[in-house]
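Visitor: This structure is in structure tokens; I'll ask about it shortly.
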Amino acid sequence: MAETITALSQQLFDSLQQEAFALLGTVDHESGGPGVNAISWLFAVDEKTVRFAVDARSRIVANIRNNPQVNLTYIGAGSVHAIYGEAALVTEALEEVPFKLACFDIGVTSVRDAMFYGARISCAPEYEKTYDKRAADKLDTQVFHAMKKA
């Protein structure tokens, strides 16, 4: 039986020090089924905590209020990482951000390598913002600054 990993590895922690693409899995507050959303405003606070921000009107917020168990799937650092834990509200609205973003911390309870056997990720997913690049950069800077202060 494989050893249970209860914290981010140094490589995974380092990868989560800047904006990243990840999938956040929650339990839907209406159906009780799984819900998955792509997020990018996230970073590792330490090896046991991942912080993220989402629009306060997002279904994610209602889902976490109903059931704090979450899964964060990160593709990078050579593999697919399934990070499990409980999400806790840090603030309902980040200060100095032009719209209401809720901020949460995931208290990491376990980390699994979810990549299928005999393969590794050679290139992390890439995405591009489809709105004004300067506005996107300004907003990202505001959000990450506010998340780090929260």
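Visitor: Any idea what diffusion coefficient the chain gets from Stokes-Einstein, in µm²/s, Kirkwood Rh on alpha carbon pairs, 10 °C, 1.306 mPa s?
Guide: On the way: Rh = 15.9 Å.
Estimated diffusion coefficient is 100 µm²/s.
Visitor: Near Lys48, which aspartates and glutamates are there with a Cα under 14 Å away, not counting those fewer than 8 places off in the same chain?
Guide: The reachable aspartates and glutamates, counting only those whose Cα sits under 14 Å from Lys48, are Asp14, Glu86, Asp105.
Visitor: Where the only charges are on Cβ atoms (+1 Lys, Arg; -1 Asp, Glu), what is the dipole of the range 10-149 about its Cα centre, to the nearest 20 debye? Working shown, then result.
Guide: Working: 14 positive and 18 negative charges, 16 e Å.
Here the range 10-149 has a charge dipole of around 80 debye.
Visitor: Still on this structure, I have one more. What order, most packed first, do the peptides 55-68, 109-122 have when packing is the mean number of other Cβ atoms within 10 Å of each residue? Mind showing how you got there, number by number?
Guide: On the way: 55-68: 16.5, 109-122: 11.6.
Put in order of decreasing packing, that is 55-68, 109-122.
Visitor: Between Ala56 and Asp140, what is the FRET efficiency for a Förster distance of 22 Å, r being their Cβ-Cβ separation, to the nearest 0.05?
Guide: Values: r = 18 Å, r/R0 = 0.80.
So the FRET efficiency works out to roughly 0.80.
Visitor: Normalised radius of gyration for the range 107-150, please: alpha carbon Rg relative to 2.2 N^0.38 Å, two decimal places.
Guide: Working: Rg = 16.6 Å, N = 44, 2.2 N^0.38 = 9.3 Å.
My calculation over the Cα atoms of the range 107-150 gives 1.79.
Visitor: Given Cα pairs under 8 Å that are at least 6 residues apart, what percent is the relative contact order of the chain? Don't jump to the answer; show the numbers that get you there.
Guide: Working: 298 pairs, mean separation 36.0, N = 150.
Result for the chain is 24 percent.
Visitor: Can you list the aspartates and glutamates whose alpha carbon is less than 13 Å from that of Lys129, not counting same-chain residues fewer than 8 positions off?
Guide: Within reach: Glu19, Asp137, Asp140.
Visitor: Within the range 33-69, what residues put their amide N at less than 13 Å from the label point 7 Å along the Cα-to-Cβ vector of Ala114?
Guide: Of the residues in the range 33-69, 34-39 have backbone N under 13 Å from the label point off Ala114.
Visitor: When N is the residue count of the range 29-98, what does its C-alpha Rg come to as a fraction of 2.2 N^0.38 Å? Show your work: numbers first, answer last.
Guide: Working: Rg = 12.8 Å, N = 70, 2.2 N^0.38 = 11.1 Å.
Scaled against compact globular proteins, the figure is 1.16.
Visitor: Between Ser9 and Asp132, how high is the FRET efficiency from 1/(1 + (r/R0)^6) when r is the Cβ-Cβ distance and R₀ = 30 Å? Nearest 0.05. Don't skip to the end; give the middle numbers.
Guide: On the way: r = 36 Å, r/R0 = 1.21.
Efficiency for this residue pair is about 0.25.
Visitor: Return the whole-Å distance between the Cα centroid of the range 1-59 and the Cα centroid of the range 86-131.
Guide: 4 Å
Visitor: Hey, what's the per residue convex hull volume over the C-alpha atoms of the range 72-150, in cubic angstrom? Could you put the intermediate results ahead of the total?
Guide: Numbers: hull volume 8.9 nm³, N = 79.
Convex hull volume per residue, Cα atoms: 112 Å³.
Coordinate-derived values only; no laboratory data. Bear in mind the structure is a predicted one, so any value in this text is a computation, not a measurement. Don't worry about glycine lacking a Cβ; one is built from the backbone with ideal geometry, like all the others, and counts go over all protein chains shown.
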